[in-house]
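Before any comments, here is the structure.
Every number in this text was worked out from the coordinates using simple rules, so none of it is lab data. Just so it is clear, the model here is predicted, and its values are computed rather than measured. Here the Cβ positions follow ideal geometry from the backbone for every residue, glycine too, while neighbour counts run over all protein chains shown.
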Amino acid sequence: MTNRFAVILAAGQGTRMKSKLYKVLHPVCGKPMVEHVASQVLQLETDKIVTVIGHGAEQVRSCLEGKTAFVLQEEQLGTGHAVLQAEPVLGNKDGTTLVVCGDTPLLQAETLKALFEEHERKQAKVTILTATAPDPAGYGRIIRNAAGFVEKIVEHKDASPEEQQVKEINTGVYCFDNRALFEALKRVSNDNAQGEYYLPDVVGILKSQGETVVAYKTESIEETLGVNDRVQLSEAERIMRKRINERHMRNGVTILDPRQTYIEAYVEIGQDTVIYPGTKLSGKTVIGEDCKIGPNSDITNCVIGNGTEVSQSVAENSEIGASVHVGPFAHIRPDSSISDEAKIGNFVEVKKSTVGKGSKASHLTYIGDAEVGAGVNIGCGTITVNYDGKHKFKTVIEDGAFVGCNSNLIAPVTVGENAYIAAGSTITDDVPGEALSIARARQVNKENYVQKLKHKQQ
């Protein structure tokens, strides 16, 4: 097999996005567009990948660090000029070079592999990935001769009225003979409506030299979608979301209503887990087997064990063990760890805390900056009072403790092993293990108070 190289074009700013974020860094299903492209190219087992960076160079470099080499296009003078920046890295090598744009997140490795194979089978100097577009406006047109071979590529702005009627489009993806590519790039002119050095002009140059130019047409026009504005970004998001959901379902995950389920690209889900409608799974979330997630749950960057249920709740940047019940309407805030068989019930908030195995906070509770041991019962309305307006303090509740309803634990404070807190208590001092702590005022009944109150109001 001949040597294979790849060039990813990621230097443009993307003015039509109307964004402070550089175009190729806009996420599609939680993953930057250019990273989607790089992930597919990496599957091709190329000898070298070079990414051309310009606007947002450091951010793009950070996104792809360790996956590709980089060259800088200091001034954006067109796609041909961009590829030419890779000459110091690739110019003296024999082989085939794939050129892809960093704003085509839907491209798949299978298609790129087929393009490589077609190029090598036909022994072409150029092979163009094309597609048939119902509305080709804005795309370069593939102009074929009477024999059906590629004659030239014409950019939309430079196309004649007749050429603009052509529906076969240039997707912006090519395979080139590497040496022929860089030799032809030096002959590309910027004598066009945009004043830029077009990469497609290489096709015309090589064609004029009698070289073989081939077009490989993909049947999937949506795969070739380039993202230039927010409308196209939304369309790419829709297609990618459908693709991701289908992948999980084929791997043994039940998604009851894929149209109302949002799963980002990095998420992993185990077999026989059920995802209910309205659920959003984001970041590098990992969900085990036999879980029930949703409806209407929002989980970001969490690791969730087998057999856990999360109902109508939010969880962020935390670990949730196996056979845990969360919700409904619970909130697991960042840096929390919920151990196996625990229960975090309705309207319970946990923040930067650990909750031990089998512990329960069934409803209406705030656990913040706390260490909760195993087998602890935290009654309704309990608050770990962790903040004095300037500093945050820690609450420790040891194994087997029982905290009665409507209790306030004023941190820093420790409730010892198997201790009891009486309902309605405000605890300001440590409670020894096995002790009962009662911290509330003695009840006083004032007879006939209401009658006196009414008299005063007259």
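Each pair of Cα atoms in segment 330-458 enters the Kirkwood radius, and Stokes-Einstein at 10 °C and 1.306 mPa s then converts it into a translational diffusion coefficient of 103 µm²/s.
Considering segment 265-368, its Cα convex hull presents a mean projected area of 5.0 nm². Global size of segment 61-103: 11.3, 30 Å for Rg and Dmax (C-alpha atoms, Rg to one decimal, Dmax whole). Here the Karplus curve 6.51 cos²θ - 1.76 cosθ + 1.60, taken at θ = phi - 60°, turns the phi angles of segment 317-332 into couplings of 6, 9, 10, 10, x, 8, 6, 8, 10, 10, x, x, 6, 9, 9, 9 Hz, with x standing for Gly and Pro. The 3J(HN,Hα) values that the Karplus relation (6.51, -1.76, 1.60; θ = phi - 60°) gives for segment 424-430 are, in residue order, x, 8, 10, 9, 10, 10, 4 Hz. Gly and Pro appear as x.
Remark on the chain: ratio of C-alpha radius of gyration to 2.2 N^0.38 Å is 1.38.
About the centre of its Cα atoms, the chain shows a dipole size close to 1340 debye [charges on the beta carbon of Lys, Arg (+1) and Asp, Glu (-1) only; nearest 20 debye].
The alpha carbons of segment 227-305 stretch over 40, 22, 21 Å along the principal axes, in descending order. Straight-line cross-link partners of Lys217 among the lysines, defined as a Cα under 26 Å from its Cα and at least 8 positions apart when in the same chain: Lys48, Lys113, Lys122, Lys125, Lys152, Lys157, Lys167, Lys207, Lys242.
Taking the DSSP beta bridges with both ends in the chain, the antiparallel portion is around 20 percent.
Taking amide H atoms as placed 1.01 Å from N in the peptide plane, the amide H of Ala315 lies under 5 Å from those of Asp298, Ile299, Thr300, Ile332, each 5 or more residues away in sequence or on another chain. Close amide H pairs (under 5 Å, H built 1.01 Å from N) link Cys101 with Leu9, residues at least 5 positions away or on another chain.
Taking amide H as placed 1.01 Å from N in the peptide plane, the amide H of Ile397 sits under 5 Å from that of Glu371, Val372, Gly373, Val415, each at least 5 places away or on another chain. Grouping the Cα pair distances of segment 1-156 into 5 Å bins from zero gives a pair-distance distribution of 2, 8, 17, 20, 21, 17, 10, 4, 1, 0 percent in increasing distance order.
With contacts taken as Cα pairs under 8 Å and at least 6 residues apart, the chain reaches a relative contact order of 8 percent.
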